[in-house]
Amino acid sequence: MRLHNTLTGTVEPLRPRAEGQLGLYVCGPTVQGPPHFGHARAVIVPDALRRFLEWRGVDVFHVRNVTDVDDKIIDRARAEGRHPAEVAETFTRVWDAQIQALNTLSPHVAPRATGHIPEMIQLIEALLERDAAYVAPPADDAGAGRDVFFRVAAFPAYGKLSGRKPEELRAGVRVEHGEAKEDPVDFVLWKAAKPGEPSWPSPWGAGRPGWHIECSAMATKYLGSDFDIHAGGVDLVFPHHENEIAQYEAATGEPFARHWLHNGHLTLGDDKMSKSEGNIIALDEAIERYGADTLRMFYLQSSYRAPVDFGEDRLREAAAAVERLAGFLRATAHVDAEPDPGLVTDARGQFDEALADDLATPRAHAGLFDLVTRGYEALETGEERLVAGARTAVGELSGVLGYTFEDGGEQSDLVGPLVEELLALREDARARRDFDAADRIRARLNGLGISVEDTPQGARWHRVRV
Ligand SMILES: [Zn+2]
């Protein structure tokens, strides 16, 4: 398989450390609030990659962390009069439930930052030993604890992931008054506790870890050094991922991760709905409104690296695309011929080729839609083995992409026939030139979230969950 690597800026062969196995680390949520629709992309993209690799027989070990101590969590807890751990616990559960509702495979390990403080302290101590970190002098207002900073100048390779070099960064960074950094580009590894904050004992007094050190410590605890794939949203390249590399490699002298996979952003364009909802669409609402399959289709029909623009129209198209696959599986459920083996093998081969080429999910989907077209043609000509072959391939391969076709009402045994029945009545009305009645039926169906389109072959419908 070939995959784009942010570290080299090229699409290159994926060479796992151990044949047939693959370690995957994905930066998980900071549990300070519920997820929004944009967060789903950084979950769905690695999920599709993992499912594809597992389908190819690779043994994937998937780690996704939970950042459960953070300024925003502490601020929220303070505002709500709750313990920060309670806020973190609440939203860890909310995230888990909503991410599962997207039909994603659970990671094998979901390490929490607060459960790995000793590992982080160990890494910071190694950095101090190598002069790649320093303990700041005590601040005026502080208790006994001290801040610890990473010394960027001690790691000459700094900037290798993001291309942001310290000398250029220095020009743009302003040192805040009272900051104890030696160099404006240095970043915090350990924060001295302020009164009322959650803290852990350390060689530098009570405090808590900085965000970046969490991932360096937790990724390598479960995956070792030089692990296979580190994934996350493109917004994390700098500084988070750059700093993860610097911390681990400066502390150990060993490489951190081989392959860096970054998914593009969800952009909000000028869609009215996103504007009216404060530019953020809650994930649970999006799942409720559109269904998990449609959200998955929305993201996977685009190249994972490209930005995707949010829009109701695009979501409708995604819903129609899901229905095209699901509808074909329904329409061919009665076919029990032996599947044509050549067709199934070819379909698998093309699917494999597409996804092995930098996870080209748009191409893989195009292949599925071609199969649907061929399957319908074969249905018309009565070539049952070809129909069965297309059905087998569409079922298997859409499963590899993570579709369940279970979350829409259109899957129930009743909805399809009822809609067909109403469309037949509409057809009768049109035949006797009662266009008012025909339009009324169509409008009522629209009101129920069913879109009707007239084609030369007759009316086609699909369900839009709006
Ligand atoms: Zn991370």
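When restricted to residues that are in a strand (DSSP E or B) and within 22 Å of residue 354 (Cα to Cα), the range 24-46 contains 1. Among the residues of the range 114-122, is any more than 30 Å from residue 356 (Cα to Cα), over 30 Å from the mean Cα position of the chain (by Cα), more than 16 Å from the ligand (Cβ to nearest atom) and in contact (Cβ under 8 Å) with a residue 24 or more places away in the chain? Yes, because at least one residue in the range 114-122 is more than 30 Å from residue 356 (Cα to Cα), over 30 Å from the mean Cα position of the chain (by Cα), more than 16 Å from the ligand (Cβ to nearest atom) and in contact (Cβ under 8 Å) with a residue 24 or more places away in the chain.
When 185, 175 are checked against the criterion of being at negative phi, modelled with pLDDT of 90 or more, among the hydrophobic types (A, V, I, L, M, F, W, C) and assigned to a loop (DSSP other than H, G, I, E, B), 185 stands alone in meeting it. Against the numbered list (1) over 17 Å from residue 219 (Cα atoms); (2) among the small types (Gly, Ala, Ser); (3) within 16 Å of the ligand (Cβ to nearest atom), residue 23 comes up short only at (1).
Looking only at residues of the range 236-256 that are outside any helix (DSSP H, G or I) and closer than 12 Å to residue 160 by Cβ, we find that the one that is farthest from the ligand (Cβ to nearest atom) is 255. Would you check if residue 336 is assigned to a loop (DSSP other than H, G, I, E, B) and more than 27 Å from the chain's Cα centre (by Cα)? When the stated conditions are applied, residue 336 passes them. The selection criterion, being within 16 Å of the ligand (Cβ to nearest atom) and surrounded by fewer than 21 Cβ atoms within 10 Å (Cβ to Cβ), does not hold for residue 285. Considering the range 384-408, and only residues there that are crowded, with 17+ Cβ neighbours inside 10 Å and in a loop (DSSP other than H, G, I, E, B), the residue that is modelled with the lowest pLDDT turns out to be 408. Mind checking whether some residue in the range 221-233 is without any contact (Cβ under 8 Å) to a residue 60 or more places away in the chain, assigned to a helix (DSSP H, G or I) and closer than 30 Å to residue 1 by Cβ? Taking every residue of the range 221-233 in turn, none turns out to be without any contact (Cβ under 8 Å) to a residue 60 or more places away in the chain, assigned to a helix (DSSP H, G or I) and closer than 30 Å to residue 1 by Cβ.
I'd like to check something: does the range 141-158 contain any residue that is touching a Ser or Thr at 6+ places or on another chain (Cβ under 8 Å) and either among the acidic types (Asp, Glu) or crowded, with 16+ Cβ neighbours inside 10 Å (or both)? Looking for residues that are touching a Ser or Thr at 6+ places or on another chain (Cβ under 8 Å) and either among the acidic types (Asp, Glu) or crowded, with 16+ Cβ neighbours inside 10 Å (or both), one finds at least one in the range 141-158, hence yes.
Scanning the range 195-207 turns up no residue that is surrounded by 14 or more Cβ atoms within 10 Å (Cβ to Cβ), in contact (Cβ under 8 Å) with a residue 12 or more places away in the chain, within 16 Å of the ligand (Cβ to nearest atom) and within 23 Å of residue 65 (Cβ to Cβ). Looking across 441, 450, one residue alone is aliphatic (A, V, I, L, M), within 17 Å of residue 323 (Cα to Cα) and touching a Lys or Arg at 6+ places or on another chain (Cβ under 6 Å). It is 450. Can you spot a residue in the range 257-278 that is touching a residue at least 60 places away in the same chain (Cβ under 8 Å), within 13 Å of the ligand (Cβ to nearest atom) and more than 27 Å from residue 100 (Cβ to Cβ)? Looking through the range 257-278, none of the residues is touching a residue at least 60 places away in the same chain (Cβ under 8 Å), within 13 Å of the ligand (Cβ to nearest atom) and more than 27 Å from residue 100 (Cβ to Cβ). A search for C-beta distances below 6 Å between a residue of the range 409-427 that is at pLDDT 90 or above and any residue that is assigned to a helix (DSSP H, G or I), counting only pairs 6+ apart in sequence or on different chains, returns 422/441; 426/438; 426/441.
Summed over the range 63-87, the residues that are touching a Ser or Thr at 6+ places or on another chain (Cβ under 8 Å) and either within 16 Å of the ligand (Cβ to nearest atom) or in a loop (DSSP other than H, G, I, E, B) (or both) give a count of 7. Restricting attention to the range 325-345, the residues that are surrounded by fewer than 20 Cβ atoms within 10 Å (Cβ to Cβ) and in contact (Cβ under 8 Å) with a residue 60 or more places away in the chain total 2.
The values are calculated or read from the model by the stated rules, or taken from the named source; none is laboratory data. Computed from a predicted model, the values in this text were never measured in an experiment. Glycine gets a Cβ as well: all are built from the backbone with ideal geometry, and neighbour counts include every protein chain shown.
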